[in-house]
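Encoded as structure tokens, the structure appears first; notes follow it.
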Amino acid sequence: MILNIFGPSGSGKTTLIKNLLKNNNLQNFYKSLVKNYVLKKESEFKTSLSLVPLPNYRGTIKEFFEIYGISFDSLFKLNPNIRNLLNTVFLIKNIDDINDVKKRSVETLSAGEIRRFFIIKSLLIESDILVIDEPFSNSDPSLFKLILEALNCSSNVIILSHVPIDDIIKLSGTISININTLRN
């Protein structure tokens, strides 16, 4: 289930999530919103969380993956939608490609590649709620679609964006809510 909270810049989307995180209320917030739009049993929700910020990480790709306990072998066994997104950051066809990627510095990635890289990392770590702030920034329609399809592989996603996703692409299991609606 993808929950898209949208509104103009400065409307309070990120502040809302920060306050919910600070007060340990993010899971309850997600549950109550989803229950209002989709019938789901509360027992289907767990409590772990993964937040995707735009990082300021320095180090190699190998070191980065090791921090999160992600095996490079798992990159060959990815869901096709996540694999397609990975291929927009670096193309891995064989073991030589993996060795080259392992040595590459994260700092050599563009801002968009870093954003997609962190989304992929978050999808590879077991998490019950994935929160992503502006994952589609500066994305063309084809990249927008690849990101959204990869995110749809996760069970519960909250996307903060300037636009309702369903205005751009129709995808089942996506709910868009204007930030102003949440204030009422």
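Observations on the structure shown:
- A single member of Ser122, Ser142 is at pLDDT 85 or above, among the polar types (S, T, N, Q) and assigned to a helix (DSSP H, G or I), and it is Ser142.
- Residue match in the range 110-117 (condition: closer than 21 Å to Gly59 by Cβ and basic (Lys, Arg)): yes
- Subset of the range 105-150 [in contact (Cβ under 8 Å) with a residue 40 or more places away in the chain, closer than 17 Å to Phe72 by Cα and aliphatic (A, V, I, L, M)]: Val106, Ile119, Leu123, Leu124, Ile125
The values are calculated or read from the model by the stated rules, or taken from the named source; none is laboratory data. Treat the numbers as computed from the prediction; the structure is a model and nothing was measured. Every residue, glycine as well, gets a Cβ built from its backbone with ideal geometry; the counts of neighbours run over all protein chains shown.
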